[in-house]
Structures are given as structure tokens and as C-alpha cells.
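Peer 1: Before we start, here is the structure in question, set down as C-alpha cells.
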Amino acid sequence: MGVSEATTARYGSDLALPAELWNETVDVLLGHRSVRAYSNEPVPEGALEVMIAAAQSASTGSNLQSWSVIAVTDPERKARLAELGGKQGFIARAPLFLVWITDLSRVARAAEARGMPHQALDYLETFLMGSVDAAIAAQNAAVAAESLGLGIVYVGAMRNKPEEVAAELGLPPRTFAVFGMAVGYPDPERPAAVKPRLPLETVLHREQYQADQDNQISAYSATMAAFYAEQQMKVEGDWVEHSARRVAGPESLTGRHRLREALQKLGFELI
Ligand SMILES: Cc1cc2nc3c(=O)[nH]c(=O)nc-3n(C[C@H](O)[C@H](O)[C@H](O)COP(=O)(O)O)c2cc1C
């Protein structure tokens, strides 16, 4: 894809970006789409390691590297994780399912082995740091996978039943499956479309926050209503309606309204 084609697919109109600022990396990034339908082709030997080396190459808070990832290929375990993850069938159908872990247990073990204290691990800040680290690492792996022609989709539904997921994966205390990621070659018979995003200027604020975005949001909402219809997605209404429903109340959180309690059971005090 070229700059004009890629930005038109993403925003509905050409951003007229300078062609000399376009390269293969940016092309892969702007070409992202979540892939939930996979071909029968297996993930090639070594691709997992390329993804994880890319993930480990990401920046990491204080170089603590407070994340881990569990690669699941066993069909029965994938099926159980699909069941725990909102009964999303693509989890079981993907040849590879990665579960990304906020992991404060490794540094706890390392400090304990030296007889050193690690009370800062009990603070919300450190939990957030590990979760941010996991997300940054995962996105590097996602981009590496997409650059190899693989497709991915994140799975936040791993947080629906955190204790059951932890038991399934044998997680030690102070670890948490923050999200999953299904990986596989896209099924050419069921290609995913590039999903439009909010206008660039809606998210890019210059110098100070600009809250007056009603017109941009209305325009995007209409674009998305057309996209839902065109893609035959089972979404009622437009983007605003869809988004407002997702945040309407605790019942919209598919079990995650009790996340604090679950995390405390998993060994995070979140002071
Ligand atoms: C942290 C996170 C969790 C997600 N969880 C799910 C999920 O459980 N199921 C799903 O089908 N898609 C999930 N997605 C994918 C989003 O729905 C998708 O990225 C978004 O609609 C934009 O579409 P695109 O990725 O095709 O551009 C998740 C995405 C992120 C970043």
C-alpha cells in the first residue's frame, strides 16, 4: 500500500502525508486489522521466537521487564481458554494463542533470593507498570507478526475470569493474564477490513487539550454506522451508541467489574 491508499483506508480521506516519510514499517502499522478467521496454514517454525524477541526489544519500565507470555497451542487448553474468554470461538480456532502476563513475581523471587525487601510491588503503580510493559511488548510482537503476513487479535476477555485463567495457566502469585492474543495466517476467504479511526485531530492535541470535538465525533460515528452495515457486523446504531453501551454500567464489563477483588486474590495488593 502507498501513503495515500493507507490513510484513505484508515480515515476515509487522504491525509496527504509526505511520501518520503512512508516506509515498510509505517505501511505495516497502518495496515493493521484484527484477524479472527484463520487459514489452515500453521504458524511457521521460529515465528513465535521472532515475535517474542521483538516484544523483548521494546522499552520496559526501569528495565524491570515485568511481563511474561504463555504460548498455548494445545487444542484442549485453547478450547478451555475460549470458554473462559467470553466463549469466543476464534481463540480455539487460532493455531497459536498467546496470553500476556503482568509479571511481578519474577522480580519478587529475585529480590527474595537476595533477602531484599520488595514492598513497592504491592502498590497500584507497580501493577500498572507491569501491565503497561506487557502491552508495549505485546504490540511489538503484533507488529512483528503482521510484518510476516500473520494476523492477530487481542483478547481482553482473558480478564473476565482471572482466577480461572490463572489456574488454567499455572500462574504463581503476583502474575495476571492481562490480555490474550490469537495468532494465525488470515483466511483469504474471510479477509478483515481496515477499521476507520477517529479523525487524527480528535486524538492529537497541540499544546493543550481540546475538548470541543462534537463535530468530529458525529462525523466519525456516521462513518462507523456505514462501516458496520457494509461489513455486516452485528452492531446496533452508530459508534457513539455502541461505545456508550460498552461503558453504561458494571454489567457492561462482562465480569470485570470485580477485577480489584480478583487481583487481590492473585497476590496484588494495589495499595
Ligand atoms: C486490549 C484489547 C482487548 C481486546 N479484546 C478483544 C476481544 O476480547 N475480542 C475481540 O473480538 N476483539 C478484541 N479486541 C480487538 C478490538 O475490538 C479491535 O482492536 C478494535 O475493534 C479495532 O479494530 P481493528 O483492530 O481491526 O483495527 C481487543 C483489543 C484490545 C487492544
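The values are calculated or read from the model by the stated rules, or taken from the named source; none is laboratory data. The structure displayed is predicted, hence computed values, not measured ones. Note that each Cβ is placed from the backbone with ideal geometry, even for glycine, and that neighbours are counted across all protein chains shown. Calculation scope for accessible area: heavy atoms of the full protein, side chains included, ligands and nucleic acids excluded. Shrake-Rupley method; radii C 1.70, N 1.55, O 1.52, S 1.80 Å.
Peer 1: Could you tally the net charge around VAL143, taking each other residue with its Cβ under 15 Å from the Cβ of VAL143, Lys/Arg +1 and Asp/Glu -1?
Peer 2: Values: positive: ARG33; negative: GLU24, ASP27, GLU146.
Around VAL143, the charge tally is -2.
Peer 1: Local charge sum around LEU64 (other residues, Cβ-Cβ under 9 Å, Lys/Arg +1, Asp/Glu -1)? Spell out each step's value before the answer.
Peer 2: Values: positive: ARG106; negative: ASP133.
Charge balance near LEU64 sits at 0.
Peer 1: Subtract the Cα-Cα distance of GLU261 and ALA111 from 0.36 nm times their separation in residues, and report this length gain in nm to one decimal.
Peer 2: On the way: separation 150, 0.36 × 150 = 54.00 nm, distance 2.60 nm.
Going from the current span to full extension adds 51.4 nm.
Peer 1: Sticking with this structure for a sec: Quickly work out the ARG246-to-GLU76 label distance, labels modelled 7 Å from Cα along the C-beta direction, and quote it in nm with one decimal.
Peer 2: It works out to 3.6 nm between the two label points.
Peer 1: What helices does the chain have that are whole DSSP H segments, at least 27 Å long along their own axis by Cα, and with mean Kyte-Doolittle hydropathy of 0.0 or more? Please report the intermediate quantities before stating the final value.
Peer 2: Working: long enough: 124-147 (34 Å, 0.81).
Answer set is 124-147.
Peer 1: How large is the Rg to Rh ratio of region 180-219 when both quantities use alpha carbon positions and Rh follows Kirkwood? Intermediate values should be presented prior to the final figure.
Peer 2: Working: Rg = 16.6 Å, Rh = 13.6 Å.
Rg divided by Rh gives 1.22.
Peer 1: Using just the helices of the chain, give the 222 nm mean residue ellipticity in deg cm²/dmol: DSSP H runs with n ≥ 4 each add -39,500 (n - 2.57), and the total is spread over all residues, rounded to 500.
Peer 2: Numbers: 12 runs with 118 residues, N = 271.
Only helices count here, giving -12500 deg cm²/dmol.
Peer 1: Return the long-range amide H neighbours of TYR38 (sequence gap of 5 or more, or a different chain), with a cut-off of under 5 Å between placed amide H atoms.
Peer 2: Under 5 Å from the amide H of TYR38 lie the amide H atoms of ASP187, each far enough along the sequence or on another chain.
Peer 1: Suppose each label sits 7 Å from its Cα in the direction of the beta carbon; what would the ASP14-GLN216 distance come out to in nanometres?
Peer 2: So the two model labels end up 2.2 nm from each other.
Peer 1: How many percent of the alpha carbon pairs in region 116-209 exceed a separation of 23 Å?
Peer 2: Numbers: 2130 of 4371 pairs.
Here the tail beyond 23 Å accounts for 49 percent of pairs.
Peer 1: Using square roots of five times the C-alpha gyration tensor eigenvalues, list the equivalent-ellipsoid semi-axes of region 33-192 in whole Å, biggest first. Please list the in-between numbers first.
Peer 2: Details: eigenvalues 167, 60, 30 Å².
They are 29, 17, 12 Å, listed largest first.
Peer 1: Over region 33-192, what percent of the accessible surface lies on carbon and sulfur atoms, probe 1.4 Å?
Peer 2: Numbers: 4120 of 7570 Å².
That fraction is 54 percent.
Peer 1: With viscosity set to 0.692 mPa s at 37 °C, what whole-number translational diffusion coefficient in µm²/s follows for region 48-110 from Stokes-Einstein and a Kirkwood radius over Cα pairs?
Peer 2: Numbers: Rh = 13.2 Å.
D = 248 µm²/s.
Peer 1: Okay, next question. Using only the alpha carbons of region 182-271, what is the convex hull's orientation-averaged projected area in square nanometres?
Peer 2: Working: hull surface 40.5 nm².
Projected area, direction-averaged: 10.1 nm².
Peer 1: How big is D, in µm² s⁻¹, for the chain by Stokes-Einstein at 25 °C and 0.890 mPa s if Rh is the Kirkwood radius over C-alpha pairs?
Peer 2: Numbers: Rh = 20.5 Å.
Approximately 120 µm²/s, per Stokes-Einstein.
Peer 1: What's the whole-number percent of alpha carbon pairs in region 1-128 lying beyond 17 angstrom?
Peer 2: On the way: 5954 of 8128 pairs.
Tail fraction, whole percent: 73.
Peer 1: Taking the Cβ of LEU263 as the centre, find all other residues whose Cβ is under 12 Å away and add up their charges (Lys, Arg: +1; Asp, Glu: -1). Please report the intermediate quantities before stating the final value.
Peer 2: Values: positive: ARG159, ARG174, ARG256, ARG258, ARG260, LYS265; negative: ASP122, GLU163, GLU261, GLU269.
Counting the neighbours of LEU263, the net charge comes to +2.
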